[in-house]
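Asks: To start, I am sharing the structure in question, which I have written as structure tokens.
Computed from the coordinates by the stated procedures, all read-outs in this text should not be read as laboratory data. Predicted model, so just to flag it, every value in this text is computed and none were measured. With ideal geometry, Cβ positions are generated from the backbone for all residues, glycine too; neighbour counts draw on all protein chains shown.
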Amino acid sequence: MKAAVLTGVDTPLETRDDIEIAAPGPGEVRIKVVASGVCHSDLSVQNGTIPLPTPIVLGHEGAGIVEELGEGVTSVAVGDHVVLSFVPACGECYQCRHDQAYICEKAAAQAAGGLLDMTTRLTSGGAPLHQMACLGTYGNHAIVPEISMVKIPDDVPLDVAALIGCGVLTGVGAALNTASIRPGDTVAVIGCGGVGLNVIQGARIAGAGKIIAIDMFDSKLEMAKEFGATDTINAGEGDPVGAVFALNEGRGADVAFEVIGLQATIEQAINTARAGGEVVLVGVPRMDVNLTLNAAFTFLYLPKTIKGCWYGSSNVRTDVPKLLELWKSGELKLKELISKEISVDQVNEAFADMQAGTVARSVIVHQH
Ligand SMILES: [Zn+2]
Ligand SMILES: [Zn+2]
């Protein structure tokens, strides 16, 4: 099989076509990966923001077709089309039973860069090759846990379906599940990359009255308007917090989202929320980011609610079908998120495009 491999932090990805893939073990499924989004979190592994062992097949936002079943697999059949979930959802652990499948306890294995038993099914040149998020969708095939996929109808194009696996579940979920947006609310979104655009369309679907998109790139602010932003602020041209207050009668946002992960922008998001407002933190910070907050004002005199957010607080089993319904009804834009379809050999260029802010999503379409 062929895959784009990260061999070490801050090195370009290498395309290898000599990768050997083992048979699926018990509870595992071999997937023909058809499409994979190129997500900022892949870049975050490359630059060390998300520490994972190398060499590793990156990619955690994908869709494909079931090719082979390991022992005991009953929830999918060969030929099924599936969206891959970058968090396994076992349905049985403490968190899953408490309606928090997005932090399923089985996901703890992911830090080791392998499957649920912490070992990988891939080798290259005789050495083990890790898999990001129990997946590794930059490969044209993958062995993944049965609990890391959701069956979808065959008529959903798999390039569109792939995006649901991370960016759409995370962004739209942050707006519809994590936040409590009321119709007519003023919402601010700091960071308008692939996930931020989905927060914006989630806020639109939730009925927000004013959606203020904030970014340093005018190119991303233009895209933000297509997904539902009513106002835009280029944060490079002055104080974005003051600009949000000016747009809402000096009050601040009812709900503020941070979708970057920097100390400065997280603090801006908190300051952007009105008294009694809500802040949802979606961005991926480096491990050493700490915040400076004034406790009296943040939590007492301007009592704000600050919510953490992982995977859009989603339950993939119910949210993937729900998102596909929203897409079918025309409310959720998916195809429009795809700026470029590329081959796996072009993934380094896709990373450069992402850093330059010129794309919503590049999608790798694998060859078989
Ligand atoms: Zn992602
Ligand atoms: Zn679980």
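Asks: Cut-off is 10 Å between beta-carbons; in what order do 317, 361, 16, 97 appear when sorted fewest neighbours first? Show your work: numbers first, answer last.
Replies: Working: 317 16, 361 30, 16 19, 97 11.
The most exposed by this proxy come first: 97, 317, 16, 361.
Asks: Working from the pairwise distances between different alpha carbons, so that the mean of 1/r is found and then inverted, what is segment 1-153's Kirkwood radius in Å? Walk me through the numbers on the way to the answer.
Replies: Values: mean 1/r = 0.0657 Å⁻¹.
Taking the inverse mean of 1/r over all distinct Cα pairs, segment 1-153 comes out at 15.2 Å.
Asks: On to the next question. Run the numbers on segment 73-151 and let me know its relative contact order in percent, using alpha-carbon pairs under 8 Å that are six or more apart.
Replies: 33 percent
Asks: Tabulate in residue order the Karplus-calculated ³J(HN,Hα) for segment 302-317, using 6.51 cos²θ - 1.76 cosθ + 1.60 with θ = phi - 60°, rounded to whole Hz; enter x for Gly and Pro.
Replies: Using θ = phi - 60°, the values come out as 10, x, 9, 9, 10, 10, x, 8, 10, 6, x, 6, 8, 10, 4, 5 Hz.
Asks: Take 329, 36, 339, 85 and order them by how many other Cβ atoms sit within 10 Å, fewest up front. Before the final figure, lay out the partial values.
Replies: On the way: 329 8, 36 38, 339 17, 85 33.
The most exposed by this proxy come first: 329, 339, 85, 36.
Asks: Using modelled amide H (1.01 Å from N, peptide plane; none on Pro or chain starts), what sits under 5 Å from the amide H of residue 15, excluding residues fewer than 5 places away?
Replies: When sequence neighbours closer than 5 places are left aside, the close amide H contacts are 5.
Asks: Give me the one-decimal nm value for the distance between modelled label points at residue 14 and residue 105, 7 Å along each residue's Cα-to-Cβ direction.
Replies: Between residue 14 and residue 105, the simple spin-label model gives 3.9 nm.
Asks: Relative contact order (percent) for the chain, with alpha-carbon contacts under 8 angstrom and 6 or more residues of separation?
Replies: Relative contact order of the chain: 18 percent.
Asks: Give the Debye-formula value of log10 I(q)/I(0) at each listed q (0.08, 0.11 Å⁻¹), with one equal scatterer per alpha carbon of the chain, two decimals each.
Replies: Scattering profile of the chain, log10 relative to I(0): -0.37, -0.71.
Asks: What's the exposure ranking of 129, 58, going from fewest to most Cβ atoms within 10 Å? Walk me through the intermediate numbers first.
Replies: On the way: 129 24, 58 31.
Fewest-to-most Cβ neighbours within 10 Å comes out as 129, 58.
Asks: Taking every pair of alpha-carbon atoms in segment 75-142, give the share separated by more than 20 Å as a whole percent. Don't skip to the answer; put the middle values down first.
Replies: On the way: 850 of 2278 pairs.
Tail of the P(r) past 20 Å holds 37 percent of the pairs.
Asks: Determine how many Å³ per residue the convex hull of the Cα atoms of segment 171-310 encloses.
Replies: 94 Å³
Asks: From the alpha carbon gyration tensor of segment 140-253, can you work out the equivalent ellipsoid semi-axes (sqrt of 5 times each eigenvalue) and give them in Å, largest to smallest?
Replies: After scaling each eigenvalue by five and taking roots: 31, 16, 11 Å.
Asks: Something else now. In Å and whole numbers, how far do the C-alpha atoms of segment 215-276 stretch along each principal axis, longest first?
Replies: 31, 26, 20
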